[in-house]
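Some notes on the structure that comes next.
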Amino acid sequence: MEKQILDVLNAGLGLVKSGQEGLDKAKAEFTKSFEQLAAKGASDNSEASVRVREFVDKFLNEAKELSTAATKTYEDSRAKALEVYNQIAEEAKKLVPAEQIEAIKAKFSEVTETVKKTAAPTKKTA
């Protein structure tokens, strides 16, 4: 009985090992095929291929410029909002008691954090 259990266990381990080897082999073959296709595509200098590459390059550059402009606009808007906040805070100090000023600051900070979370551009890593 013990031998049968060990045989079943060993057969299971062998199956797992074979499956892993098959998976590794399939991954290597896929990688090789992908690299061959990429090399074939890179060597294609037909007019259509060149136009597609130019289009994609132009698209990527425009997307990068748009992202940069959006980031700059966000930073400019943030700086202006901070400036207005500071002006309001100075005026409020003259007109409003200190406890209410702290409550206003807390609310403004809350709004600022919400805006940061929803309006901040996401950064991609290459």
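Observations on the structure shown:
- Here the ratio of the Cα radius of gyration of the range 1-112 to 2.2 N^0.38 Å is 2.45.
- Per-atom-type breakdown for the chain gives carbon and sulfur 62% of the accessible area (1.4 Å probe, protein chains only).
- Per residue, the chain exposes 91 Å² of accessible surface when a 1.4 Å probe is rolled over the protein heavy atoms with every protein chain present.
- Net length gained if the chain between Glu75 and Thr112 were fully extended (0.36 nm per residue, minus Cα distance): 12.0 nm
- Distance between the modelled labels on Ser18 and Val56, one decimal in nanometres: 4.0 nm (7 Å Cα→Cβ projection).
- Here the range 1-112 is assigned +1 on the Cβ of each Lys and Arg and -1 on the Cβ of each Asp and Glu. Its dipole about the Cα centre then comes out at about 60 debye.
- Cα extents for the range 33-81 along the principal axes, largest to smallest and rounded to whole angstrom: 53, 24, 8.
The values are calculated or read from the model by the stated rules, or taken from the named source; none is laboratory data. Computed from a prediction, not measured in an experiment: that's the story for all the values here. Reconstructed Cβ throughout: ideal geometry from the backbone, glycine too, with neighbour counts over all protein chains shown. For the accessible areas, the whole protein counts, side chains as well, though only heavy atoms, and no ligand, DNA or RNA atoms are used. Shrake-Rupley method; radii C 1.70, N 1.55, O 1.52, S 1.80 Å.
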